[in-house]
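One structure below.
The values are calculated or read from the model by the stated rules, or taken from the named source; none is laboratory data. Predicted, not measured: the structure shown is a model, and the values here were computed from it. Positions of Cβ are generated from backbone atoms using ideal geometry, with glycine treated the same way; all protein chains shown enter the neighbour counts.
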Amino acid sequence: MRDDRTAARRAAARLEEPVREAGRLARKLGLDPYRVNYWVVTNDEMNQLIAYDGFQSRFPHWRWGMKYDRQRKQSQFGLGKAFEIVNNDDPANAFLQESNSLADQKAVITHVEAHGDFFANNGWFGLFTDGDGQTGPSAGTQVDRDDDDRPRGPDAAALLERHAETVAGYMEDPEIGRETVERFIDTVSTLTDTIDQHSAYAEAVKTGEDIDPEDLRERLDAMDLSSDVRGQVFDEEWLEERAEAEAEARLDEPRRDVLAYLREHGMCYDEETDRAVEMADWQRETLEILRREAYYFAGQRVTKVMNEGWAAYWESLMMGEERFAGVDEFLTYADHQARVLGSPGLNPYKLGKELWEYVENTTNRREVIERLLRVEGVTWRNFHEAVDFDEAERLLEPHPTIAGAGPDVLGDLAEMAANGDPRVDPKGVDRAQSGTVDPEKYPWELLTYEGLAERHFSLAKPQYREFLQRVSRERLEETARYLFDDERYATIEEALADVDRGAGWDRMREVRESHNDVTFVDAFLTEEFVRDNHYFTYEFARSSGDYRVTSAEYEDVKKKLLLRFTNFGKPTVNVYDGNFDNRGELLLGHEYNGVTLDVEQAKGVLERAYKLWGRPVNLATIVKEYDEHDLEIARRRNREPTPRETGRRIRFDGEEFETHELDTQIEERISASEVDYDTKPEEWLA
């Protein structure tokens, strides 16, 4: 262990300067991250942290050991290496593996700084509010960095440690026991995707009230009235209509947070007495712990593409374009980045980075177009003929001294700073001239945000130079329609001199504040993006029994991605009734948007839900049924059969499953007339 800690300390020592400088560069580029504590850990410690979702303390449960064993074997057999892990906390804690090369460590650090910015500034992380615990990490060797004045954010490490202590206490209680608590956690864990991911976390409470609407027929039965008296005072038809009206009313506002509903109103099935009994205090508290943690991790799950793409974008700019990777480190870094972005399947790093680049490019293009459309003689109709795009590209290139910031142009930069040029940082130039800063190694120290924005203006980069001239006439007309004639230019050179080089970055930060993956894809995955980046959809074909490319149309690609990101890619299930059919049964409803449930998995969830309700549970859903004759014809003609969509209600009474036809009213309620991606209300969109 002494050798491990010595190696970790040596690794930490060589990272002090990269950590400090990466933080300074990130802030120069306009990022505003949480303060980050960096910890150098061994391979085994990294495996443990990954198993614990990036934290050092979680509630006792067998699942962590299973995750640890899987991660250990994956690392051991070369199936994937974890370079880092960072958590959403203030301060954020990032764990670096000591065996990483210096190039990889630098890549990880720049990646982490961008994650810290996203954690601190994206509104979806702000939906979760933490307690007041102040416990920090204890393992690993820390790399210090400068503090900042940001108001404190969440203290999730302390929260999760308190949860661990609470659950461990229940397990150690001889009247409860570890096995009982673990079984209960297993039951609740199957429902942790059924929170209301679009609402701020609020603790669910046991109201102590009977939530089942009172059925007067049951009270009359208990009063033992004669049939004559009952018939004279109470009309049976009226009693039936009253019960039906109550049942219909309960369908109007389904509860999205199933776990909260069960916390407030659920019971437990007691095998010894064969009936529903009140949950014990430890059960309600454990349920709430799992629910609270589900809300904490929801922010990361609903912004996976945005967050990873954001980190990949800024890492690439810092490591490659701003040369944070040294000359002898760049090839190692390029290989690292290529493997990350080249991973098969739906790659959140690649998709996210490409979407962020598209946001930047389209914003910069609009900024340039608005200037050019104010040039005398240039209109949306003659734009492509009137504008010399070769000249425009030349004029958009950064000033040579800004582009080549470093020791060779230090004198020129000092002169520009003396003249008040906003692109040059006079303090940085002074430090470079005095020898405090190495301008060859850290050229960004010489520039301000404005200077860096010009130095990295996207439309001046070779790979995007044709992006401007590809603008459509429709987009030009739309832009021209909303232009004010308050500013005109005599020449293209005058117009482009006024371009705000930071417009793209400014827009990216605005988008970063409010969107999640669903709204991000919905807003920015356009026909142009799909075409330029070669996206397509594929599906399993029932007629042939294999997967086939089904479409390259952007509407289809967008729909497929939106469905993939809705509710973490899981079915959306809500509570529709806590007294279904006036029998105290629970009715859950699957919000059907064209994608059917895996019925066998759904039955497994119903079995767990039964244990938390204590009485029969029902699930309303819609299934697709195929006629065998139609299926055979489709196979012969090499096309897909048309399914018949049918409403079904699956009921579990603790022993058996029953499948019933679904009431028409309920079927209409759970069906979406259009594809419903369950996005945040419009006020969240910038």
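Here are a few things to note about the model shown:
- Listing of helices (runs of 4 or more DSSP H) fully contained in region 154-230 that carry 3 or more residues being at pLDDT 80 or above and not aliphatic (A, V, I, L, M): 156-172, 178-189
- Among the residues of region 450-495, the ones that are surrounded by 19 or more Cβ atoms within 10 Å (Cβ to Cβ) and of a type in the set (K, R) come to 1 in all.
- Residue match in region 346-354 (condition: aliphatic (A, V, I, L, M), in contact with a Leu (Cβ under 9 Å, 6 or more places away or on another chain) and either free of Cβ contacts under 8 Å to residues at least 12 places away in the same chain or in a helix (DSSP H, G or I) (or both)): yes
- Residue in region 298-309 that is crowded, with 21+ Cβ neighbours inside 10 Å, under 30 Å from K611 (Cα atoms) and of a type in the set (A, V, I, L, M, F, W, C) present: yes
Rundown of residues vs (1) surrounded by 13 or more Cβ atoms within 10 Å (Cβ to Cβ); (2) closer than 24 Å to K603 by Cβ; (3) not β-branched (V, I, T), yes/no style:
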| site | (1), (2), (3) |
| --- | --- |
| E161 | yes, no, yes |
| V167 | yes, no, no |
| E172 | no, no, yes |
| V181 | yes, no, no |
| D186 | yes, yes, yes |
| H198 | yes, no, yes |
| E203 | no, no, yes |
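- Boolean, E440 is at pLDDT below 95, loosely packed, with under 13 Cβ neighbours inside 10 Å and in contact with a helix residue (DSSP H, G or I) (Cβ under 7 Å, 6 or more places away or on another chain): yes
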